[in-house]
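Everything on this sheet refers to the single structure shown next.
The values are calculated or read from the model by the stated rules, or taken from the named source; none is laboratory data. Everything quoted here is computed from the prediction, not taken from an experiment. Here Cβ is always computed from backbone atoms with ideal geometry, including for glycine, and neighbour counts include all displayed protein chains. Areas reflect the complete protein model, heavy atoms only, side chains present, ligands, DNA and RNA absent. Shrake-Rupley method; radii C 1.70, N 1.55, O 1.52, S 1.80 Å.
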Amino acid sequence: MSWLELLNNLENGTVRAATQDEQGNWHANIDVKQGILEAFKNGNNTEFPGGFVDKHNLAPQGFSADAGVRMVPGGSSVRRGAHVASGTIIMPPAYVNIGAYIGEGTMVDSHALVGSCAQVGKNVHLSAAVQLGGVLEPIGASPVVVEDDAFIGAGCVIVEGVVVKKGAVLAPGVRLSATIPVYDCINERQLDKGEAIPENAIVIPGSRPSSSEWGRNHGLSMSCALIVKYRDEQSDASLELEEVLR
């Protein structure tokens, strides 16, 4: 497949930068990521209206009303090679990078970033200033994944291939990376390194004592995340989006 065919297939959603196996685990699609890098290699810097300069073959996408995507005016951009499904709402300013996938009915709020190859499911809410990290290299590194029906609160940062499973809720300000520990206060365990945020988990920002004696003696603490609850009918009701907005 040529890089041009790949970009077209990424946009229509028939090819994705990551796939899920039968056990529910996500894996990077190395061929896709190599193809994206090939597109960069074959692009030449060119000027676009408004004073922008980028690779000539990676211009921002435009949408027709028939696509079912509502991208509100005010500075948002969806780069070539990203898939945005029908029913998606993008509030300004927001940015969706190459290789990203956004499922049906998802809200991408103001100042949100969906990084390169990040995978976002159906009916997800990415609140204002959410940052989903992108990854093209190393080639085998898995991207950030947010599965269906998750709610990501304002100012959350998810990077380094973290997976957030279906229905999970992240409170505003949660930071998730490969090195930030996550403690499940309900099941009284620490998640293994690289373990996904469980389905329907409600996660809040937390802190823990410094790992060094000197740090503890000085009252220092380190960032962590805490699972304090799992979703129930009451929490679901508080997260409902008014259909009139769509």
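Are any residues in the range 192-225 outside any strand (DSSP E or B), surrounded by 15 or more Cβ atoms within 10 Å (Cβ to Cβ) and either among the polar types (S, T, N, Q) or without any contact (Cβ under 8 Å) to a residue 24 or more places away in the chain (or both), and if so, which ones?
N200, S210, listed by residue number.
If you go through the range 176-223 one residue at a time, how many are among the hydrophobic types (A, V, I, L, M, F, W, C) and more than 20 Å from A150 (Cβ to Cβ)?
3
Looking at (1) aliphatic (A, V, I, L, M); (2) within 21 Å of G153 (Cβ to Cβ); (3) touching a helix residue (DSSP H, G or I) at 6+ places or on another chain (Cβ under 9 Å), which is the only condition I36 fails?
Result: I36 fails condition (2) only.
State all residues of the range 101-137 that are closer than 21 Å to K55 by Cα and in contact with a helix residue (DSSP H, G or I) (Cβ under 9 Å, 6 or more places away or on another chain); if no residue qualifies, say none.
Y101, S116, C117, V135, L136, E137
Residues checked against (1) more than 17 Å from N200 (Cα to Cα); (2) of a type in the set (G, A, S); (3) in contact with a Lys or Arg (Cβ under 6 Å, 6 or more places away or on another chain):
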position	(1), (2), (3)
Y95	yes, no, no
V114	yes, no, no
I139	yes, no, yes
L170	no, no, no
L176	no, no, no
V182	no, no, no
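Considering only the range 2-110, give the strands (runs of 3 or more DSSP E) lying wholly within it that have at least 3 residues that are in contact (Cβ under 8 Å) with a residue 40 or more places away in the chain and either within 21 Å of G121 (Cα to Cα) or open to solvent by less than 70 Å² (accessible area, probe 1.4 Å) (or both).
Counting at least 3 such residues, we get 26-28.
Among the residues of the range 148-165, which ones are assigned to a loop (DSSP other than H, G, I, E, B) and open to solvent by 10 Å² or more (accessible area, probe 1.4 Å)?
Those that are assigned to a loop (DSSP other than H, G, I, E, B) and open to solvent by 10 Å² or more (accessible area, probe 1.4 Å): D148, D149, A154, G155, V159, E160, G161, V162, K165.
Taking E137 as meeting all but one of (1) open to solvent by 40 Å² or more (accessible area, probe 1.4 Å); (2) in contact with a strand residue (DSSP E or B) (Cβ under 9 Å, 6 or more places away or on another chain); (3) touching a residue at least 60 places away in the same chain (Cβ under 8 Å), write down the number of the exception.
Of (1) open to solvent by 40 Å² or more (accessible area, probe 1.4 Å); (2) in contact with a strand residue (DSSP E or B) (Cβ under 9 Å, 6 or more places away or on another chain); (3) touching a residue at least 60 places away in the same chain (Cβ under 8 Å), only one is false for E137: (2).
Open to solvent by less than 30 Å² (accessible area, probe 1.4 Å) and modelled with pLDDT of 95 or more: does that describe V228?
Here the answer is no, as V228 does not meet what is asked.
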